[in-house]
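What follows is a single structure, written as structure tokens, with notes after it.
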């Protein structure tokens, strides 16, 4: 039986490596990432400790760019851009399973998270593949599993 082997993959042409990115090269554990997301669900508090002000979290969940994000490479119809995250403005127009006001972001190679403060829900997907379709599938699966 052959042992599975890792294969090196070149950086995709669509990923711009010439501009320094504040998010480029960051890493986390799944446990820490979901705690971060839960802190946002809680309006900036985790385990009784204030991390961010509620106003900062409100800024994250508010669209600051009008319809400009709809026309961007990472945006689309029904989407806005808050404080460093995308925001679902109109779930029907965005064709999203997530509720209006949900916010989050996706990494270039598969990390994806969102926060829905209204439904008190957060989702974190951590894969190491740039599979955009999987993000929507993950959101749909989670939201379909919600009973109430």
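The values are calculated or read from the model by the stated rules, or taken from the named source; none is laboratory data. It should be emphasised that the depicted structure is a prediction, and the values quoted were computed from it without experimental measurement. Using ideal geometry, Cβ is built from the backbone for each residue, glycine included, and neighbour counts are taken over all protein chains shown.
The table below gives the values:
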item	result
Residue match in segment 121-132 (condition: over 22 Å from residue 39 (Cα atoms) and in contact (Cβ under 8 Å) with a residue 60 or more places away in the chain)	yes
Identity of the residue in segment 55-76, assigned to a helix (DSSP H, G or I) and in contact with a strand residue (DSSP E or B) (Cβ under 8 Å, 6 or more places away or on another chain), that ends up modelled with the highest pLDDT	60
Extreme residue, farthest from residue 73 (Cα to Cα), among residues of segment 117-134 that are assigned to a strand (DSSP E or B) and either in contact with a strand residue (DSSP E or B) (Cβ under 7 Å, 6 or more places away or on another chain) or at pLDDT below 85 (or both)	122
Hey, residue 147 modelled with pLDDT under 95, in a loop (DSSP other than H, G, I, E, B) and within 14 Å of the chain's Cα centre (by Cα) or not	no
Filter pass, residue 72 being over 15 Å from the mean Cα position of the chain (by Cα) and within 30 Å of residue 13 (Cβ to Cβ)	yes
Unique match (being in contact with a helix residue (DSSP H, G or I) (Cβ under 9 Å, 6 or more places away or on another chain), farther than 28 Å from residue 10 by Cα and in a helix (DSSP H, G or I)) among 52, 40	40
Among the residues listed as 37, 97, the single one being modelled with pLDDT of 95 or more, buried (at least 16 other Cβ atoms within 10 Å of the Cβ) and either on the phi > 0 side of the Ramachandran plot or within 14 Å of the chain's Cα centre (by Cα) (or both)	37
Options 106, 84, 96; residue that is touching a residue at least 24 places away in the same chain (Cβ under 8 Å) and closer than 19 Å to residue 42 by Cα	84
